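Down below is the structure, laid out as structure tokens.
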Amino acid sequence: MRTQVCIIGGGPSGLLLSQLLHKKGIDSVVLERKTKDYVLGRIRAGILETGMVDLMREAGVGERMDRECIVHDGTVISYGDEEFRIDFTELTGSHVVVYGQTEVTRDLYEAREKAEGKIVFNVENVQIKDADSDAPYVTYEVDGTEARIDCDFVAGCDGFHGVSRQTMPLSVRKEYEKLYPFGWLGILSETPPVHDELIYASSERGFALCSQRNANLSRYYIQCSLSDSPEDWTDAAFWEELKRRIPTEAAERLVTGPSIEKSIAPLRSFVTEPMRWGRLFLCGDAAHIVPPTGAKGLNTAASDIHYLYNGLVQYYQTGDSEGIDTYSEKALARIWKAERFSWWMTTLLHRFPDQNEFDLKIQLADIEFLRSNRDAQSVLAQNYIGLPY
Ligand code: FAD
Ligand code: DHB
């Protein structure tokens, strides 16, 4: 088989790139290790920056999102029983929207299927060959049969545990990593959200986040120990712990119910440089991970796709490789700022096991400065709504 762009990974990055390229008449094949249902069953991000919203519209998949998403003009930050609001719209003129990654992925799959785009599921043993030559190709197995795709370019959209990053020799890539000594335990429940905006809560017992998907679907997270597993937490224990970490008045109106999903994610900051090797480009989680505080994971994947998509279109339409040649540099410049923001928000709001009383006072001073200083709020708001592409 031959295609112009072979895309490894059928998560949001790979699907979005494939759909955008299709709109410009550029052919691609997506290779996905899992089934479609498995990919759609993963509950992940929930907040989209307007840059990503625009990209979804450009890809022709904005219709349901525009109808069903919820605009958020601000967010609440609480510490103990104190709380304040960051007004994104007043501070930046922009906002974010609530629209789950599951919905983004569902819309993209639907569009790819409608356009008869080629997606191969259940692929195994994917190998990227001759990426540093003019004639790269990808081999894989499906149902025990080996197959080969020849292509002009390979887009590595296969997440943190994928094969694309590992294909780049260690001599050409450098990895930067920071692990955090805690995770997030998240639940999804068919209950009305406790508040119409998100609440990022710092407390003596650790961080909590009240998020949502729609008027009757809530997403809540609590900071947990890395040694915890979801089975350790009954629904009752989760709700009890959440209530102790958010302001009393919010805890009193919290509607609880059975969880329909419960999972733990470790927190990590990670960047690999460069994001290109020959004709192989890394996008999204394959190249970088942020801790989830600040909702940047999916949004940074989208900005990578924006740069790569525009570079590929420029190449195919004019023969000019400037866009793809500067891909890594442009993507990384934005990524590092999102890394900084996510690290800062994580550090601001979580309890770290080794914090002493001095550290706690500094953390409190940081929060109180944010509460009282419009410029500090503006810095948070600009980063939260998303830095320009
Ligand atoms: P992925 O979504 O990881 O997609 C990669 C795809 O490639 C997968 O479908 C995978 O099956 C496939 N694949 C992997 N290896 C291979 C291979 N060898 N061959 C073929 N296919 C392969 N972000 C937020 O902003 N907020 C959140 O609350 C949040 N929660 C998260 C919770 C978890 C548990 C995780 C892991 C991430 C979370 N994120 C969150 C981050 C966000 O979901 C990711 O940034 C986003 O999914 C990145 O999209 P992606 O397409 O680059 O990678
Ligand atoms: C969600 C996750 C986040 O990490 C975040 O900062 C905001 C919202 C969510 O899953 O809804």
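Below are the figures for this structure:
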{"quantity": "Which numbered condition Thr75 fails, given (1) touching a Ser or Thr at 6+ places or on another chain (Cβ under 6 Å); (2) crowded, with 19+ Cβ neighbours inside 10 Å", "calculated": "(1)"}
{"quantity": "Complete set of residues in region 271-314 that are surrounded by fewer than 22 Cβ atoms within 10 Å (Cβ to Cβ), touching an Asp or Glu at 6+ places or on another chain (Cβ under 7 Å) and farther than 16 Å from Cys157 by Cβ", "calculated": "Val271, Gly278, Gln314"}
{"quantity": "Unmet requirement for Lys361, which otherwise passes all of (1) loosely packed, with under 13 Cβ neighbours inside 10 Å; (2) over 25 Å from Ile222 (Cβ atoms)", "calculated": "(2)"}
{"quantity": "Criterion: outside any strand (DSSP E or B) and touching a residue at least 40 places away in the same chain (Cβ under 8 Å) - qualifying residue of Gly294, Gly323, Gly311", "calculated": "Gly294"}
{"quantity": "Test result for Glu90, without any contact (Cβ under 8 Å) to a residue 40 or more places away in the chain and in a helix (DSSP H, G or I)", "calculated": "yes"}
{"quantity": "Sole residue being on the phi > 0 side of the Ramachandran plot and either touching an Asp or Glu at 6+ places or on another chain (Cβ under 9 Å) or surrounded by 16 or more Cβ atoms within 10 Å (Cβ to Cβ) (or both), chosen from Gly80, Gly93, Gly51, Gly62", "calculated": "Gly80"}
{"quantity": "Matching option when the condition is within 30 Å of Ala251 (Cβ to Cβ) and among the hydroxyl-bearing types (Ser, Thr, Tyr), among Thr75, Thr92, Thr105", "calculated": "Thr75"}
{"quantity": "Close pairs from region 1-21: first farther than 12 Å from Ala59 by Cα, partner in a strand (DSSP E or B) and charged (D, E, K, R), Cβ under 9 Å, at least 6 apart", "calculated": "Met1/Lys118; Met1/Arg148; Met1/Asp150; Arg2/Asp150; Thr3/Lys118; Thr3/Asp150; Cys6/Asp150"}
{"quantity": "Lone qualifier among Asp325, Asp359 - being more than 30 Å from Tyr79 (Cα to Cα), of a type in the set (D, E, K, R) and modelled with pLDDT of 95 or more", "calculated": "Asp325"}
{"quantity": "Residue check, Tyr220 free of Cβ contacts under 8 Å to residues at least 40 places away in the same chain, within 15 Å of ligand 2 (Cβ to nearest atom) and in a strand (DSSP E or B)", "calculated": "yes"}
{"quantity": "Members of region 1-46 found to be assigned to a strand (DSSP E or B), crowded, with 16+ Cβ neighbours inside 10 Å and either more than 7 Å from ligand 1 (Cβ to nearest atom) or β-branched (Val, Ile, Thr) (or both), listed by number", "calculated": "Val5, Cys6, Ile7, Ile8, Ser28, Val29, Val30"}
{"quantity": "Residues located in region 75-113, provided they are within 16 Å of ligand 1 (Cβ to nearest atom) and aromatic (Phe, Trp, Tyr)", "calculated": "Tyr99, Tyr109"}
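The values are calculated or read from the model by the stated rules, or taken from the named source; none is laboratory data. Just so it is clear, the structure is predicted and the values come from calculations on it, not from any experiment. Virtual Cβ from ideal backbone geometry, glycine too; neighbours counted across all protein chains shown.
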